[in-house]
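The values are calculated or read from the model by the stated rules, or taken from the named source; none is laboratory data. Since the structure is predicted, the reported quantities are computational estimates derived from the model, not experimental observations. Positions of Cβ are generated from backbone atoms using ideal geometry, with glycine treated the same way; all protein chains shown enter the neighbour counts. Note: areas computed on protein heavy atoms with side chains; ligands, DNA, RNA excluded. Shrake-Rupley method; radii C 1.70, N 1.55, O 1.52, S 1.80 Å.
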Amino acid sequence: MNPTSLKRQSNIELLRIVAMTMIVIHHIILFCCNREIRYFSQLNSLVICGVNMFVLITGYFGLKLKWRSVINLVSITLFYSILSTFAYCLYTDTLPSLEVLKKTLFPISSGTYWFVTSYFYLLLLSPLLNFALHAMSDRQLCFFLAVLIFINCISSWLFQNNFNPNGYNTMQFILLYYIGYCIKNTTAFALVQKNCIPCAVFFQILMVISSIFTGAFLFYNSIVNIMLAVSIFYIFLKVDLQNKFINNIATSMFAVYLLQEGMFGRTVYHLMYEMYLSYSPMQFVVVTLIYLFMLFAFAIILERIRNYILSPLNIIITDYLNKKIPVPF
């Protein structure tokens with residue numbers, strides 16, 4: 001995710017849209033069907049790599065710690081957090097508790113959106129990561145890549161220690177950020193690059209097989225999940241595409257995530273679960289397609305409104321902070 005990128009590559013922006021769609025479908029399977037749907041794990045195995053693909057994009061383009069990046073991330077998260085809580089209270093005709101207010105007004109620190117919290121920490125660490133990445137030789141990059149894979153995928157995932165048992169944290173994002181950098185700047189994944197389609201098919205088959213038995217490969221930090229995301233990333237890199245419509249749609253993908261992950265978004269998922277219980281499978285598929293269309297449409301519209309309202313304020317705050325507390329990077 002690189003909201004400040006001035007030149008957008010439509011093939012990668014299309015991947016961003018696909019990754020977010022996969023994330024939303026994963027949440028629909030998880031929350032709307034409450035794990036009760038037939039072939040739940042198998043369906044989930046087809047979309048579970050969406051988060052890894054999304055973060056790989058961040059590593060590919062890179063992050064730069066600036067007040068503008070910090071303010072933009074905080075303001076968009078706070079905007080949708082408040083909007084979601086307000087919509088929830090309006091729908092349920094209740095007042096928010098102190099705990100709800102704390103999570104609403106401090107969504108990043110409270111971990112209301114685990115993805116945003118992990119991404120924010122990654123942004124804060126990006127100067128250190130970038131310095132290390134640019135300073136290392138190809139041999140050193142490969143060595144450190146092996147170290148990160150050992151920490152996240154071998155020691156943490158395979159042996160299920162408490163450091164990173166499932167990939168829902170910043171350590172996983174650091175690994176993916178590193179891999180995204182290597183995809184763009186090294187030949188560390190040359191074999192996957194040359195055989196990206198067969199690799200994607202192979203790793204996807206492993207994911208489906210795993211879902212039938214233990215489901216261990218479905219964790220974000222499983223090496224199979226990561227390699228599936230890398231393979232799909234290379235497939236999209238080979239696509240020659242430049243399209244303004246895709247680029248414009250892609251700018252709203254972060255808003256899509258925030259909309260469906262907030263208090264009101266979870267309430268909508270609960271309502272869809274009730275529909276799942278009473279509708280036929282085909283009817284629920286139609287409901288899901290309508291939901292996806294409306295979610296993306298609302299995100300696109302609300303982003304235009306948010307930018308119109310908050311962009312001037314963000315610029316004022318950013319200019320003030322740049323003058324008073326300049327970021328030393």
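Worth a mention:
- Region 78-123: equivalent-ellipsoid semi-axes (sqrt of 5 x gyration tensor eigenvalues, Cα, Å): 23, 10, 7
- Loop-located chymotrypsin sites (Phe, Trp or Tyr not before Pro) in region 206-280 (DSSP state other than H, G, I, E, B) with a sparse environment of at most 10 neighbouring Cβ atoms within 10 Å: F213.
- Relative to the 2.2 N^0.38 Å rule of thumb, region 1-137 has a C-alpha radius of gyration ratio of 1.24.
- Checking every one of the chymotrypsin sites (Phe, Trp or Tyr not before Pro) in region 19-76 against DSSP loop status and a limit of 15 other Cβ atoms within 10 Å picks out Y39.
- Low-density loop cleavage sites - trypsin sites (Lys or Arg not before Pro) in region 228-329, where at most 12 other Cβ are within 10 Å (DSSP): K238
- Along its three principal directions, the equivalent ellipsoid of region 162-250 from the Cα gyration tensor extends over semi-axes of 24, 17, 15 Å, largest first.
- For the chain, a simple Cβ point-charge model (Lys and Arg +1, Asp and Glu -1, everything else neutral) yields a dipole of about 760 debye relative to the Cα centre.
- A simple count of charges around V230, restricted to other residues whose Cβ falls under 15 Å of its Cβ and scoring Lys, Arg +1 and Asp, Glu -1, yields +3.
- Distance cut-off 11 Å, percentage of C-alpha pairs in region 239-278 lying past it: 70
- GNM remark for the chain: springs join alpha carbons under 10 Å apart, and the peak mean-square fluctuation among Q242, Q204, Q193 falls on Q242.
- Candidates G111, Y279, L15 compared by Cα position along the dipole of the chain: farthest toward the positive end lies L15, with charges placed on Cβ.
- 19 Å tail of the calculated P(r), region 124-198, as % of Cα pairs: 41
- Computed in the context of the full set of protein chains, the accessible area of the chain at 1.4 Å probe radius has 70% of its extent on carbon or sulfur.
- When the alpha carbon gyration tensor of region 55-211 is reduced to an equivalent ellipsoid, its three semi-axes come out at 35, 21, 15 angstrom, largest first.
- Taking every Cα-Cα distance in region 198-308 and sorting them into 5 Å bins from zero, the calculated P(r) comes out as 2, 10, 13, 12, 13, 22, 18, 8, 2, 0 percent.
- Dipole magnitude (debye, nearest 20) for region 196-329, charges at Cβ of Lys, Arg, Asp, Glu: 340
- In plain terms, if you count all Cα to Cα distances in region 245-329 and split them into 5 Å steps from zero, the share in each step is 3, 12, 15, 16, 13, 13, 10, 6, 4, 4, 2, 1 percent.
- Computed [θ] at 222 nm, deg cm²/dmol, the chain (DSSP H ≥ 4; -39,500 (n - 2.57); rounded to nearest 500): -23500 deg cm²/dmol
- The chain - Rg over Rh from alpha carbon coordinates, Kirkwood radius: 0.96
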